[in-house]
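Remarks on the structure that follows.
All of the numbers you see were taken from the coordinates with simple rules; none came from a lab. Small disclaimer: the values here were computed from a predicted structure and weren't measured. Please note: Cβ atoms are built from the backbone with ideal geometry, for glycine as well, and neighbour counts cover all protein chains shown.
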Amino acid sequence: MSTPVLELRDVKAAYGRIEVLHGVDLVVPEDCVVALLGPNGAGKTTTLKVASGQLRPTSGHVHIAGRHVNGATADELARAGVCAIPEGRGIFPNLTVVENLQMVTFSGVSFKQVEERTYAQFPRLKERRTQLAGTLSGGEQQMLAIARALTTDPALLMLDEISMGLAPMVVAELYDLVKQIAASGVSILLVEQFARTALAVADYAAIMVQGRVRRVGQAADVEDELSSAYLGKTG
């Protein structure tokens, strides 16, 4: 078996004295989409923060492509191929679309390459290139956030609630894009409030409850275990 892109082993994490993750085990295999599901407060976003270097675990092990990275900063992990799009979109609302794209060039890629790649995949953003990002629709803002992420050629893309506040038609469009990204060879770990929307694109799924991963399996198998007891309406 190939080395997983991401592996968390018995990871614990806390905010101050309050422990939120109580020994999380999670694997994202190469070229796979893994959906991390569970109720609000289960620890899903905290798991992404640990995996992306935004929060240091109090114990346990974080491996990226087989390399132990406990204590690595978010920018160090970004250079190692880890890219996270946080809940609420990862853009600069007071900058134009073009200016947002220019920010990516600090990673070393040329602006010409950034524009060509972005506008080929997101022609709508070309039409909005001089518009302030904060005035774009919610779906367009997510497209911009994803476009910026993809210009770094990530090995692992982490998505936190990309459907938040969006109309179902827009959500469907974004998840078609997630499928395309996965097909291009990028491994994806996604947190999604609409569980069945996520399962439709996932290879594997993990159900998290109260800071622990309770169940991991292929998406079709895990779907049978989703219940209103801990997920409520799953979409």
| Where both partners of a DSSP beta bridge lie in the chain, what percent of those bridges are antiparallel, to the nearest 5? | 55
| said: With the cut-off at 1.5 for a/c, could you classify region 13-107 from its C-alpha gyration tensor as rounded, prolate or oblate? | reply: prolate
| said: Restricting to Cα pairs below 8 Å that are 6+ residues apart, what does the relative contact order work out to for the chain? Please round to a whole percent. | reply: 28
| query | In terms of the Cα gyration tensor, with a ≥ b ≥ c the square roots of its eigenvalues, is region 163-218 rounded because a/c is under 1.5, prolate because a/b exceeds b/c, or oblate? | reply | oblate
| query | Under a 5 Å amide H to amide H cut-off, with H placed in plane at 1.01 Å, what residues pair with Lys12 once short-range neighbours are removed? | reply | Gly23, Val24, Thr58, Ser59, Gly60
| said: Taking the alpha-carbon distance from Lys112 and a cut-off under 18 Å, which lysines remain once sequence neighbours fewer than 8 residues away in the same chain are dropped? | reply: Lys126
| field | Exposure rule at most 11 other beta-carbon atoms within 10 Å, DSSP loop trypsin sites (Lys or Arg not before Pro): the chain longest free segment | value | 18-232
| remark: Measuring from the longest principal axis of the C-alpha atoms of the chain, the long axis of helix 138-150 (C-alpha) lies at a number of degrees, nearest 10, equal to 80
| field | Cα shape, region 112-158, gyration tensor, a/c 1.5 rule | value | oblate
| said: Can you bin every Cα-Cα distance in the chain into 10 Å intervals starting at zero and give me the percent of pairs per bin, rounded to whole numbers? | reply: 8, 33, 36, 20, 3, 0
| To the nearest 0.05, how large is the calculated FRET efficiency for His22 and Asp153 if R₀ is 35 Å and r is the Cβ-Cβ distance? | 0.50
| said: For a quick check: sort Asp153, Asp75 by the number of other beta carbons within 10 angstrom, fewest at the front. | reply: Asp75, Asp153
| query | Share of antiparallel DSSP beta bridges in region 96-235, in percent to the nearest 5? | reply | 60
